[in-house]
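The values are calculated or read from the model by the stated rules, or taken from the named source; none is laboratory data. Owing to the predicted nature of the structure, the values given are computational and were not obtained by experimental measurement. A quick note on method: Cβ atoms are made from the backbone with ideal geometry, for glycine too, and the neighbour counts reach across all protein chains shown. All accessible areas refer to the heavy atoms of the entire protein, side chains included, with ligands and DNA or RNA removed. Shrake-Rupley method; radii C 1.70, N 1.55, O 1.52, S 1.80 Å.
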Amino acid sequence: MNPGTQRAPDSNFALIERLLHSHSEDDLRAVASNPHLTEDLAKAFLARRDLPGTALQDLSKNANAMKNRAVIVGIVSHPRTPRFVSLPVARHLFPFELMTVAMQPAVPADVKMAIEHILVDKVEQLSLGERITLAKRGPTRVAEALLRDKELRVVETALLNPYLVEACIIRTLMQDEIDIRFVEMIARHPKWSLRTDVRCALLRNANTPMAVALQLAHTLPADVARDALFHSNLPQSVKTYLMAEIQHRAR
């Protein structure tokens, strides 16, 4: 049995159970720092959303309670955990624990953003299978980071992520060293290739194949295509040719 899940001695257990429902800050701090706090009691404690930050800080210093992964995740996830407590603790979480925290609606936005950045920093160290799972279910910033993965399976999965937004695709297309395979993938993607702003980003990308650029120039409204080409990184000869095509179409 996990030491953290063992029942505390009866007197300590009864005391913790009694104080667990108190509204006194001193009582709650006594629970959080009690060395006999079990995993189940700690989880029941963390289920309270009215805990003072001092109690949560005390819990993070409780060596026995902090042996349990669920307690660590609970501290980081709690909306009232002070940032100077939750963020250092978050760095000790495993990638999928971080993903779990980042996807919880009660987690404050700034903590969620910091956790997503921690996850992005860990991406390159993960196995292919872990990256595919993150690409499938991970939060927006993580899915966007995985659009630059060297494995096409990861990129293809990230493009189907329900949290991925158009701005992620556009930002990725605007990067100087983006893989040409990503450009080609977006150009034929059944969802993203239909978005006007994504099409404009393709026209601005230096790696967009000539055939794709010509198709975009023909299908976008003339004024929109001209504006995209004006800010494009395509070779000058290609831009000149496409501008002439647009002019010819407009006659």
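Given a 1.4 angstrom probe, I'd like the percentage of the accessible area of the chain that is carbon and sulfur, rounded to a whole number.
Numbers: 7000 of 12920 Å².
Accessible surface attributable to carbon and sulfur in the chain totals 54 percent.
GNM remark for the chain: springs join alpha carbons under 10 Å apart, and the peak mean-square fluctuation among N68, N12, N205 falls on N12.
Here region 77-120 and region 207-232 have alpha carbon centers that stand 41 Å from each other.
Which net charge results for the neighbourhood of D176, defined as the other residues with beta-carbon distances under 14 angstrom from its beta-carbon, given Lys and Arg at +1 and Asp and Glu at -1?
Every neighbour counted, the sum reads +1.
Each 10 Å bin from 0 upward holds the following percent of the Cα-Cα pairs of region 1-148: 11, 39, 28, 16, 5, 0. So what is log10(I(q)/I(0)) for the chain at q = 0.15, 0.16 1/Å, when the Debye sum runs over its Cα atoms only? Rounded to two decimals, the profile gives -0.96, -1.04. Short-range pairs are left out: with C-alpha atoms under 8 Å and at least six residues apart, the relative contact order of the chain is 9 percent. Rolling a 1.4 Å probe across the protein heavy atoms gives region 193-251 an accessible surface of 55 Å² per residue. Couplings 3J(HN,Hα) for region 90-105, derived from phi with the Karplus relation 6.51 cos²θ - 1.76 cosθ + 1.60 (θ = phi - 60°), are 4, 5, 9, 7, 6, x, 6, 5, 4, 4, 4, 5, 4, 8, 7, x Hz, where x marks Gly and Pro. For the listed peptides 132-144, 111-123, a ranking on the average number of other beta carbons within 10 Å per residue, highest first, reads 132-144, 111-123. Protection proxy ranking, highest mean first, for peptides 101-108, 168-175: 168-175, 101-108, where packing is the per-residue count of other beta-carbon atoms within 10 Å, averaged. Of the trypsin sites (Lys or Arg not before Pro) in region 43-109, the ones in a loop by DSSP (not H, G, I, E or B) with at most 10 other beta carbons within 10 Å are R49.
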